[in-house]
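Enquirer: Here you go, one structure.
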Amino acid sequence: MKQPAQSYTIWFSQRTGSTLLGDALSSTGVAGYPNEWLHYQFKSPENLKIEDLEQIWSQGTTSNGVFGIKINFEQRWIDAFRSLYHLPPVLSRAEVWSTGFPNCNKHIYMTRRNKVRLAVSWWRAIVSGEWHRKHGDRPHIQDIADQYNFDAIKHLLVESNMCEAAIEDFLSESGIEPLTIVYEDFIQDYEGTVMDVLAFLGVQTDGITVSAPSFDPIADEISEQWVQRFREECQRGWENVRW
């Protein structure tokens, strides 16, 4: 398998719009097919082979040689690449990553301003099983109002912050300046955001059209009730309530 001429990575924590962005970029035909390639097929880094990575390159590369992948930050994959290619410890994590995904000179960082809403969205997806809603599909009729769980939401709030801290540490240690996409801005300017990514990647966009959003928002009255309940319970007894 020929190596990609250019690779890029979308780093994200849960519920920041990465699947929506990945689908939009894939639809252009010039920005690779950014997917969670490592998670879908190769769940164990210990068993990863070079042939597996070559298969991923093939699946994630568009005809112009651009490859895309999206992933939560996980140190175990970088460790696996270092071992697989017998790389010296002096190489930075970014250099190791670019060995597994050649010419990875572009990084996109997806975040969300309101981490409480992120955590609630994440917990709602877990209890409902509805992670995405295809555009035009009817909402799943489920009674999940009694599935509120303060401890679970708090855990997810912390986990999302730890994930973003790991991403930011990885980027900053190598002096990488990513294109940062904020979820709240992305959903307000879907097409403009996608075009910004294409410009960042430096791909040819003449004649390129961006497909309509493939997913609809899932947040509803239950989501908002949980956000407000968590906000109040988390700050109960605080002398200086922040929100």
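The values are calculated or read from the model by the stated rules, or taken from the named source; none is laboratory data. If you're wondering where the values come from, they're calculated on a predicted model, not measured in any experiment. Positions of Cβ are generated from backbone atoms using ideal geometry, with glycine treated the same way; all protein chains shown enter the neighbour counts. For the accessible areas, the whole protein counts, side chains as well, though only heavy atoms, and no ligand, DNA or RNA atoms are used. Shrake-Rupley method; radii C 1.70, N 1.55, O 1.52, S 1.80 Å.
Enquirer: Per residue, how much accessible area does region 171-216 have with a 1.4 Å probe, in Å²?
Expert: 55
Enquirer: Next question. Quick one: among Ile108, Ile50, Ile187, which has the greatest mean-square fluctuation in a GNM of the chain with alpha-carbon springs under 10 angstrom?
Expert: Ile50
Enquirer: Using the crude model of +1 on Lys and Arg Cβ and -1 on Asp and Glu Cβ, and no other charge, please compute the dipole size for the chain relative to its Cα centre, in debye to 20.
Expert: It works out to roughly 220 debye.
Enquirer: Where the centre of each part is set by its Cα atoms, how far does region 151-191 sit from region 204-243, in angstrom?
Expert: Comparing the Cα centres of region 151-191 and region 204-243, I get a distance of 14 Å.
Enquirer: When ranked by the protection proxy of mean other Cβ atoms within 10 Å per residue, highest first, what sequence do the peptides 8-18, 29-39 form?
Expert: For the peptides 8-18, 29-39, the packing ranking is 8-18, 29-39.
Enquirer: Take the alpha carbon atoms of region 1-41, find their center, do the same for region 93-128, and report the distance between the two centers in whole angstrom.
Expert: Region 1-41 and region 93-128 have Cα centres spaced 11 Å from each other.
Enquirer: Still on this model: Roughly speaking, to the nearest percent, how much of region 63-172's 1.4 Å accessible area is carbon and sulfur?
Expert: 53
Enquirer: Also: Provide the three semi-axes, in whole Å and in decreasing order, of the ellipsoid equivalent to the chain as defined by the square roots of 5 times the Cα gyration tensor eigenvalues.
Expert: Result for the chain: semi-axes of 33, 22, 17 Å.
Enquirer: Ordered by packing density, taken as the mean number of other Cβ atoms within 10 Å over each peptide's residues, highest first, how do 229-237, 109-117, 73-81 rank?
Expert: Per-residue mean Cβ counts within 10 Å order the peptides as 109-117, 73-81, 229-237.
Enquirer: Quick one: which residues, 5+ away or cross-chain, put their amide H under 5 Å from the amide H of Cys104? H built at 1.01 Å from N.
Expert: Residues meeting the amide H criterion: Ser7.
Enquirer: When the Karplus curve 6.51 cos²θ - 1.76 cosθ + 1.60 is applied with θ = phi - 60°, which whole-Hz ³J(HN,Hα) does each residue of region 81-87 get, with x for Gly and Pro?
Expert: 5, 4, 6, 4, 9, 6, 8
Enquirer: Restricting things to Cα coordinates, could you compute the convex hull volume per residue of region 1-142 in Å³?
Expert: Hull volume over Cα atoms, normalised by residue count, gives 132 Å³.
Enquirer: Right, another one. How much accessible area per residue does region 1-150 have, in Å², with a 1.4 Å probe?
Expert: Accessible area per residue: 45 Å².
Enquirer: Under the rule of -39500 (n - 2.57) per DSSP H run of 4 or more residues, summed and divided by the residues of the chain, what mean residue ellipticity at 222 nm is obtained, to the nearest 500 deg cm²/dmol?
Expert: After summing the helix terms and dividing by the residues of the chain, the value is -14000 deg cm²/dmol.
Enquirer: Additional query: How are the C-alpha pair distances of region 155-243 spread across 10 Å bins, as whole percents from the shortest bin up?
Expert: Binned Cα distances yield the sequence 12, 26, 33, 22, 6, 1.
Enquirer: List nothing, just return the count: lysine pairs in the chain, 8 or more apart or interchain, with Cα separation under 19 Å.
Expert: Eligible lysine pairs with Cα atoms under 19 Å apart amount to 4.
Enquirer: Let me check against my output: what whole-number percent is the relative contact order of region 1-112, with C-alpha pairs under 8 Å and at least 6 apart?
Expert: Once divided by the residue count of region 1-112, the mean separation gives 45 percent.
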